Amino acid sequence: MFDALKSHHATIADRRFADMLDAARAADFSATLGDMRFDYSKTNIDADGRALLIDLLDARGVADRRDAMFGGQAINETEGRAVLHTALRNLGGAPVMVDGQDVMPDVLATLDRMADFASRVRDGSYTGQGGAITDVINIGIGGSDLGPAMAARALQPYHDGPRCHFVSNVDPADIAQTLAVCDPATTLVIVASKTFTTIETMTNAQTARDWMSASVSDTGAQFAALSTAADKTADFGIAPERVFGFADWVGGRYSMWGPIGLSLMIAIGPDNFRAFLRGGQAMDDHFRTAPWDQNLPALLALTGIWHNQICGYATRAVLPYDNNLARLPAYLQQLEMESNGKGVSMDGADLPYHSGPVVWGEPGTNGQHAFYQLIHQGTRVIPCEFMVAARGHDDGLHHQHRLLVANCLAQSEALMMGRDLDTARGKVADKFDGAELDRQARHRVFPGNRPSTTLIYPKLTPAVLGQIVALYEHRVFVEGVVLGINSYDQWGVELGKELATSLQPVVEGQASADDKDGSTAALVAALQAQGL
Ligand code: F6P
């Protein structure tokens, strides 16, 4: 499938793309949505390469598949489900049909119910036993945690509601440290779980309920649930008026746009939450209508395919020069790796090429003083995805923001330009000579020609965050369709869950470790000897 692209790559692999980079290329290899601009000119993709990549989109039927997704067809074929997180941000309410039924009236009614509840929590008319709610604890994991936790962190400047806490890990340290700073009489606990069976979430929810019941008479009144499983939320004792449901066509890692975003809505208010949805919807409209060579999600996906499947770079770094996006890399790890980390194609055949890449990152400039050494001089090439705003939220400190921007742009420039041996010699010629000069200079050489993309935007508002998240969602979709995999299941998490269940009685000392492998049995024994 990638033959033409690989042949093209072989002919240009040694070319230094800095030599191609003039103002015309910078304009040609950029695309915009309003003020958001995606620049992929600092890569080795040229006009021929781009044409071949776009051919791939046509050959793999990406447009038809995209329309099938927006149209409510069951493109999650292994689970027989539609994929319609886009309906959650379809604020205009244009009909979206699933199995002959328009889902939009329910979606919009639930959004209104969320807004009403969030407003009452925020204005103090919904109270706990001790009065107005001071703290909200979202208990969830994976997609029921990472989305709202990332967005609440990203939109911290808009946070004017009660304090929000996110508990995900079954490690008791997580819940214990959160409960320790909350007052049970003024805390709302939101149990966020699509299935309402996830062991970590249900264990933490029970712990929170036990904590609250020591001093609150009606704990159920201070719990809300976000789930597709109304029967299970009722069994847990949460009244229907505080249960916010959604359908199985919302995948966990795509769910922050609906009820799973309730904690975010309480933090920033319904109006800001709707602005976030509108940002996502603007990216949807762009994805559906812009030609491929101007289409941000398609171009972001194609740079991903180029770097991973064609150039063979196994990882990519997401490097937001925006401290409020500190949790974005973790969020994208689930979005991208749980979606496109698959070993078989839709029909069950082994993938004849690599699946999606390892995704990792940290906000700049912190990463510069940690792992950028390897990105600049290590032996592996790591494509970098930079992002930066024109302005921060602290106008009085704009000089500091400019320093941040300078650092971001300097990194992509340094990765591209590198530093050759002669220049490196010049840097230390006053200190060394002869063989020592050569040796010292070689340590100061940067190979350069290392690719990066840069996403810029005016400011990290709720709408811009919505655009960024939807951009990456659709990027994952396009890469998944090109690779021929199902981006919407996650069978790869099942085996570990099953084995944890069978190991639980073993670590509790209720069952023998004899049928376990030697290593696992020895580790259990050693932990038990240390007080497990
Ligand atoms: O184990 C993986 C996973 O199913 C994710 O896809 C999901 O986001 C997470 O667990 C949490 O699931 P739930 O919302 O059902 O608790």
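The values are calculated or read from the model by the stated rules, or taken from the named source; none is laboratory data. Everything quoted here is computed from the prediction, not taken from an experiment. Glycine gets a Cβ as well: all are built from the backbone with ideal geometry, and neighbour counts include every protein chain shown. Heads up: the accessible areas ignore ligands, DNA and RNA and are worked out on the full protein's heavy atoms, side chains in. Shrake-Rupley method; radii C 1.70, N 1.55, O 1.52, S 1.80 Å.
In region 66-212, what percent of the accessible surface is made up of carbon and sulfur (1.4 Å probe, ligands and nucleic acids excluded)? That fraction is 49 percent. Exposed loop sites here are trypsin sites (Lys or Arg not before Pro) assigned a DSSP state other than H, G, I, E or B and surrounded by at most 15 other beta carbons within 10 Å; excluding them, the longest clear run of the chain is 17-379.
So for region 37-173, what percent of the C-alpha to C-alpha distances run longer than 22 Å? I get 64 percent for the Cα pairs in region 37-173 exceeding 22 Å.
The residues of region 1-81 present an accessible area of 48 Å² per residue when probed at 1.4 Å with all protein chains retained. Reported value for region 453-532: 224 Å³ per residue, from the convex hull of its C-alpha atoms.
Scaled to the globular estimate 2.2 N^0.38 Å, the Cα spread of the chain, given as radius of gyration, is 1.05. Amide H to amide H distances under 5 Å link V344 with L351, where only residues 5 or more positions off or on other chains count and H is placed in the peptide plane. In order along region 91-105, the Karplus-derived 3J(HN,Hα) couplings, from 6.51 cos²θ - 1.76 cosθ + 1.60 at θ = phi - 60°, round to 5, x, x, 3, x, 10, 9, 10, 6, x, 10, 6, 8, 5, x Hz, and Gly and Pro are given as x.
What area, in nm² and to one decimal, does the C-alpha convex hull of region 121-268 cast on average over all directions?
Projected over every direction and averaged, the Cα hull of region 121-268 covers 7.8 nm².
In units of the compact-protein estimate 2.2 N^0.38 Å, region 113-187 shows a Cα radius of gyration of 1.13.
Taking a cut-off of 14 Å between Cα atoms, list the aspartates and glutamates near K516, but don't count ones fewer than 8 places away on the same chain. By straight Cα distance, K516 reaches E498. Averaged over its residues, region 405-478 has an accessible area of 42 Å² per residue, based on protein heavy atoms and a 1.4 Å probe. Solvent-accessible area assigned to carbon and sulfur over region 375-511 amounts to 55 percent, based on a 1.4 Å probe. Under 5 Å between amide hydrogens, built in the peptide plane, is the criterion, and for R419 it picks out F446, G448 among residues at least 5 positions away or on other chains.
Share of pairwise Cα-Cα distances greater than 12 Å in region 95-136 is 66 percent (whole percent). Using a Debye calculation, one point per C-alpha and no hydration shell, please list log10 I(q)/I(0) for region 275-413 at q = 0.12, 0.16 Å⁻¹ in order. So the normalised log intensities are -0.61, -1.04. Per residue, the chain reaches -13000 deg cm²/dmol at 222 nm when only DSSP H runs of four or more residues are counted, each adding -39500 (n - 2.57). All alpha carbon pair distances within region 1-90 were sorted into 10 Å bins beginning at 0; the resulting P(r) in whole percents reads 14, 29, 30, 21, 6. For region 163-172, 3J(HN,Hα) computed residue by residue from phi via the Karplus equation (6.51, -1.76, 1.60; θ = phi - 60°) reads 4, 10, 10, 10, 10, 10, 6, 6, 3, x Hz, glycine and proline entered as x. Here the relative contact order of the chain, from alpha carbon pairs under 8 Å that lie six or more residues apart, stands at 18 percent. With bins 10 Å wide beginning at 0, the percent of Cα pairs of region 388-532 falling in each bin runs 9, 16, 15, 15, 22, 19, 3, 0.
Mind listing which chymotrypsin sites (Phe, Trp or Tyr not before Pro) in region 429-484 are in a DSSP loop and have 16 or fewer other Cβ atoms within 10 Å? Here the chymotrypsin sites (Phe, Trp or Tyr not before Pro) that fit, given the DSSP loop and packing criteria, are F432.
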